[in-house]
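Take a look at the structure set out below.
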Amino acid sequence: MRRIFSDYMESIAANEDIVFVTGDLGYNALENLQAKMGDRFINAGVAEQNMIGMAAGMAYKGFKVFVYSIAPFATFRCLEQIRVDICIHNLPVFVVGNGGGYGYGIMGATHHAIEDIACMSSLQNMTCYVPAFAEDVSKCV
């Protein structure tokens, strides 16, 4: 799904209003998107809370911002920032988590996201989508 998501993002990347922020990910999946987006592709590093704050600020200025990381990093590590900075202000920030459930099982509990949908769907102005098949990705985005 990661590759399919990256390819779809690349297809809409010509829209200058779109910014993509990742939490130090992308090896063998996001390089095409980085090349296409240039300065609108931002690697925030291992700083998920900051990544959400940056995204909220850019969205407040009129950009549509996609933030992307491994599911528990994009949700649990920065839940308060998502709630306060994005949801309460109903900003156009799209939080994308890869590898939900036990997708990164071998990495241990820090990489598991078995409560992410329950947690995120409880927030105001938050809608959650879970693509089951490759063709669902474009519809979800």
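General observations
- Of the GluC sites (Glu not before Pro) in region 67-141, the ones in a loop by DSSP (not H, G, I, E or B) with at most 15 other beta carbons within 10 Å are Glu115, Glu135.
- Bridges between two residues of the chain, per DSSP, are antiparallel at a rate of about 5%.
- Taking every protein chain into account, the accessible area of region 1-92 amounts to 48 square angstrom per residue (probe 1.4 Å).
- Helical content alone sets the calculated 222 nm signal of the chain at -9000 deg cm²/dmol, taking -39,500 (n - 2.57) per DSSP H segment of four or more residues and averaging over every residue.
- Most mobile of Val67, Val84, Val93 in a GNM of the chain (Cα contacts under 10 Å): Val84
- Computed FRET value (nearest 0.05) for Asp136 with Ala109, which takes r as the C-beta separation and R₀ as 35 Å: 0.80
- Gain on full extension, evaluated as 0.36 nm per residue between Tyr129 and Arg3 minus their Cα-Cα distance, stands at 43.6 nm.
- Phe133 accessible area, assembled protein chains, probe 1.4 Å, Å²: 130
- Our analysis of region 81-124 gives Rg over Rh at 1.06, with the two radii drawn from alpha carbon positions and Rh computed by the Kirkwood formula.
- Values of log10 I(q)/I(0) for region 1-108 across q = 0.11, 0.15, 0.20, 0.24 Å⁻¹ run -0.31, -0.58, -1.03, -1.40, by the Debye formula with one identical scatterer at each alpha carbon and no solvent.
- Each residue of region 84-95 was assigned a 3J(HN,Hα) from its phi angle through the Karplus expression (A = 6.51, B = -1.76, C = 1.60, θ = phi - 60°), giving 7, 7, 9, 5, 4, 8, 6, 8, x, 10, 10, 8 Hz with x at Gly and Pro.
- Considering only Tyr68, Tyr27, Tyr104, the mean-square fluctuation computed in a Gaussian network model of the chain, springs between alpha carbons under 10 angstrom, is largest for Tyr27.
- Percent accessible area from carbon and sulfur atoms, the chain, protein chains only, probe 1.4 Å: 54
- Cross-link reach list, lysines versus Lys36, counting only Cα pairs under 17 Å and skipping chain neighbours closer than eight places: Lys64
The values are calculated or read from the model by the stated rules, or taken from the named source; none is laboratory data. In this text, all values refer to a predicted model and were calculated from it rather than measured experimentally. Note that each Cβ is placed from the backbone with ideal geometry, even for glycine, and that neighbours are counted across all protein chains shown. Heads up: the accessible areas ignore ligands, DNA and RNA and are worked out on the full protein's heavy atoms, side chains in. Shrake-Rupley method; radii C 1.70, N 1.55, O 1.52, S 1.80 Å.
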